[in-house]
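Reviewing the structure listed below.
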Amino acid sequence: MGIPAQTDILVIGGGPAGSCAATQLARLGYAVVLVDKVRHPRETVGESILPSAWKYFDLLGVTERVEREGFVKKAGGVVDWENEVTQISFRDFDYDRPGLHVERAALDHLLLDNARNAGVQVFENVKAESFVACGEQGAEIRLFDGATKEYRSVSCRFLIDASGQSSFVAQQLGARKLDSDFRFVALWGYFTGSRYVSAGGVVRPFEDIPRHAPMTFVSSLGNWGWAWHIPLRKNTSVGIVVPVEDYKQNGAETSREKYFLDTCLSTGNLGRLLEGAQLPAGGVRLMRDYSYAPEKIAGPGYFVVGDASGFVDPIFSVGVVMALYSGQLAAWAIDSSLRRPAQTPTYRTLFETQMHGRYQLSRTMALPTHDETSEAPRAAKLYFDFISKSEKELMWSAASMTTRSGNLLRTSGESRVPPPLKRRNLQELRFE
Amino acid sequence: MDSLTQSILTWLNEAAAKLGDVEIAADTELIEQGVLDSLEILRLVSFLEERFHLAVPVDEFVPENFRTPATIAAMMARLQGPAVQAAAGGH
């Protein structure tokens, strides 16, 4: 079947945010077309998933399918920040389900299949080229079908931009801002045979994963960087986030691969975890333009969700949950707007306020200070006061494991007594 | 109990059924206890707007208004005005 010329909702991008919004709207009875420029399964980074993701899996009716997939269950996080080793466990925060370490190719494919089953018309290898028109009456988008090599135009009542880092709408409007407080590059790769950190900081061989749930391990790196270590089913995702200047000075002289390996292996506990582990040749990925935000995340006829709506240093693993949340939020705003058209501007504003607050809160957690004169602290605080006690405790405890928590404490501290820090000091990892 | 609070509690108890054994009363701390997140609050607002034929202005969307079923009912009553309240069998 070909791409229809007209639909209620057109979604660009088949990652978690796009699939989530599309599924929800199809279940409400709307005609939904989703296009993705590539074919799934496709590889992407961002493997650590917080337990709050299950709430969205429930909403999408995909929980059982995710459970059956058998992703690695994680029990919490262990952080080595400037040689101080601390741990948080999800079960201390009222979560009855675990966090996950997922191969994103598998998770994203599964969510997209779920969208298809809900009635979404999915077209892969189809790229969004340009806006033909966009306004209160709807949008018209020009697409390029990679299979037939033909251009098509699709009209819709609402467009959802879930195009990830390509930020389709922002690129079209020329409104994508890089975040000057986060001038970083990320490099990562997938090691086989790495040891991993389990509860209590006990280091175990890779084969023990089914019997002893891993922790996401995070380490500080030099002055401002950090590293992640995320055991998956067959290998371990390891990445470093370093200042652009550092990468240029020390990375340019050698190969990208050597710079990455040297940095990993010379970083205390991370280096020890990787002793004897193998990194496939040519297997190092690089991401520049590390943090950014578009100037507008909603406008007449469109909503922007997931990474396309802003990307913050992912140190606290919020990416996929934020994507799912934003997909649900856009679905709510669109459904409400179509039911009560006169209220459309109100629903758009509520979408923007919530998204902006959540984005600013993530940014607040990842930055040691921010500009007190901007509206950012106020936006972050408004969103912060919409979240539950146990979720606040989790954010608070997680932020306190790094030296970046000052901002969050200031943002939230004005209103209430600080929640208890539910973290445990481990002194050191236990290599046995 | 007035019909406003009753509608709110009915909706919430259906929403909370998905969350397990949470019994919701007029003074349950909805946000603090994690019964409602901001997404569910928006869904509740949509429901109330349709049920009571009114529009909740953007400025009312602050945590204080959604702390408990009673504070939500108070906000709705304020938005409805006295005439509608009487018709709905309120105070």
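Readers should treat all values here as calculations from the given coordinates under stated rules, not as data from a laboratory. Values in this document were obtained by computation on a predicted structure and should not be read as measured data. Methodologically, a virtual Cβ is constructed for each residue, glycine included, from the backbone with ideal geometry; neighbour enumeration extends over all protein chains shown.
Expressed as cubic angstrom per residue, what is the convex hull volume of the alpha carbon set of chain A?
144
Taking neighbour counts of Cβ atoms within 10 Å as a proxy for exposure, in what order, fewest first, do A:Thr254, B:Thr71 appear?
Fewest to most other Cβ atoms nearby, the residues stand as A:Thr254, B:Thr71.
Obtain the nm distance between the two label points defined at A:Thr254 and B:Gln6 by a simple spin-label model: each point lies 7 Å from its Cα along the Cα-to-C-beta direction.
It is 7.4 nm.
What angle, in degrees between 0 and 90 and rounded to the nearest 10, separates the Cα long axis of helix A:104-117 from the longest principal axis of the Cα atoms of chain A?
30
Among A:Trp54, A:Trp224, what is the fewest-to-most ranking by other Cβ atoms within 10 Å?
A:Trp224, A:Trp54
Please name which of A:Ala398, A:Met322, A:Gln24 has its Cα lying farthest along the dipole of chain A towards the positive end, using unit charges on Cβ (Lys, Arg +1; Asp, Glu -1) and the Cα centre as origin.
Checked the options; the winner is A:Gln24.
Using the charge dipole of the range A:73-149 (Lys, Arg: +1 at Cβ; Asp, Glu: -1 at Cβ; taken about the Cα centre), state which of A:Gly135, A:Gly119, A:His109 has its Cα farthest towards the positive end.
Sorting the options by dipole projection puts first A:Gly119.
With angles folded into 0 to 90 degrees, how steeply does helix A:256-265 sit against the dominant principal axis of chain A? Use alpha carbons for both and round to 10.
50
Return the average number of partner chain Cβ atoms within 10 angstrom of each residue Cβ along peptide A:197-205.
Partner Cβ neighbours, averaged per residue: 0.
Could you tell me which of the pairs A:Lys389/A:Lys422; A:Lys296/A:Lys389; A:Lys74/A:Lys258; A:Lys74/A:Lys392; A:Lys234/A:Lys422; A:Lys177/A:Lys392 are separated by over 22 angstrom between their Cα atoms in the structure shown?
A:Lys296/A:Lys389; A:Lys74/A:Lys258; A:Lys234/A:Lys422; A:Lys177/A:Lys392
Against the 2.2 N^0.38 Å scaling, with N counting residues, where does the range B:3-87 land? I'd like the Cα-based Rg ratio to two decimal places.
Normalised Cα radius of gyration, the range B:3-87: 1.03.
If r is the Cβ-Cβ distance from B:His53 to A:Glu69 and R0 is 35 Å, what FRET efficiency results, to the nearest 0.05?
That pair, B:His53 with A:Glu69, gives E of 0.20.
To the nearest 20 debye, what charge dipole does the protein assembly as shown have about its Cα centre, counting +1 at the Cβ of each Lys and Arg and -1 at the Cβ of each Asp and Glu?
Result for the protein assembly as shown is approximately 780 debye, rounded to the nearest 20.
Starting from the 7 Å offset along Cα-to-Cβ, what nm value, one decimal, do you get for the label separation of A:Asn125 and B:Ala26?
6.3
For peptide B:31-43, how many partner chain Cβ atoms fall within 10 Å of a residue's Cβ, on average?
So the per-residue partner count for this stretch is 6.
If the chain between A:Lys422 and A:Arg142 were fully stretched, how many nm would it gain, using 0.36 nm times the residue separation less the Cα-Cα distance?
95.7 nm
Only four residue types carry charge here, +1 at the Cβ of Lys and Arg and -1 at the Cβ of Asp and Glu. Report the dipole size of the range A:149-281 about the Cα centre in Debye, rounded to the nearest 20.
Roughly 460 debye, rounded to the nearest 20.
Of the peptides B:34-42, A:301-309, A:328-336, how do they stack up when ordered by the mean number of other Cβ atoms within 10 Å, highest first?
A:301-309, A:328-336, B:34-42
Count, for each residue of B:60-69, the Cβ atoms from other chains sitting within 10 Å of its Cβ, then give me the mean as a whole number.
Averaged over the peptide's residues, the number is 2.
Counting only residues 5 or more places away or on other chains, whose amide H sits under 5 Å from the amide H of A:Val11 once H atoms are built in the peptide plane?
Placed amide hydrogens put A:Val33, A:Leu34, A:Val35, A:Ile160 under 5 Å from A:Val11.
For A:Glu375, put the label point 7 Å out on the Cα→Cβ axis and report which residues of the range A:276-301 keep their amide N under 14 Å from it.
Answer for the range A:276-301: A:295-298.
Among B:Leu54, B:Met76, B:Gln33, whose Cα projects farthest towards the positive end of the dipole of the range B:3-87, with charges put on the beta-carbon of Lys, Arg (+1) and Asp, Glu (-1)?
It is B:Leu54, whose Cα lies furthest towards the positive end.
Provide the percentage of antiparallel DSSP beta bridges, counting only those with both residues in the range A:1-124; round to the nearest 5.
Antiparallel: roughly 60 percent of the beta bridges in the range A:1-124.
If one takes the longest principal axis of the Cα atoms in chain A, at what angle in degrees, from 0 to 90 and to the nearest 10, does the Cα axis of helix A:319-339 lie?
20
Using the number of other C-beta atoms within 10 angstrom as an exposure proxy, rank A:Cys134, A:Cys20, A:Cys264 with the fewest first.
So the ranking, lowest neighbour count to highest, is A:Cys134, A:Cys264, A:Cys20.
Where both residues lie in the protein assembly as shown, what percent of DSSP beta bridges are antiparallel, nearest 5?
The answer is about 75 percent antiparallel.
Would any residue of the range A:67-108 have its amide N under 18 Å from a label point 7 Å out along Cα→Cβ of A:Thr192? List them or say none.
A:103, by backbone N distance to the label point.
In whole angstrom, how far apart do the alpha carbon centroids of the range A:196-248 and the range A:135-162 sit?
Measuring centre to centre over Cα atoms gives 40 Å.
Using 1/(1 + (r/R0)^6) with R0 = 22 angstrom and r between the beta carbons of A:Ser266 and A:Phe431, what's the FRET efficiency to the nearest 0.05?
Calculated transfer efficiency: 0.85.
Under a crude label model (7 Å from the Cα following the beta-carbon direction), how far is A:Arg339 from A:Ala133 in nanometres?
With each label point 7 Å from Cα toward Cβ, the separation is 2.9 nm.
Relative to the Cα centre, what is the charge dipole magnitude of the range B:3-87, using +1 at the beta carbon of each Lys and Arg, -1 at the beta carbon of each Asp and Glu, and rounding to the nearest 20 debye?
280
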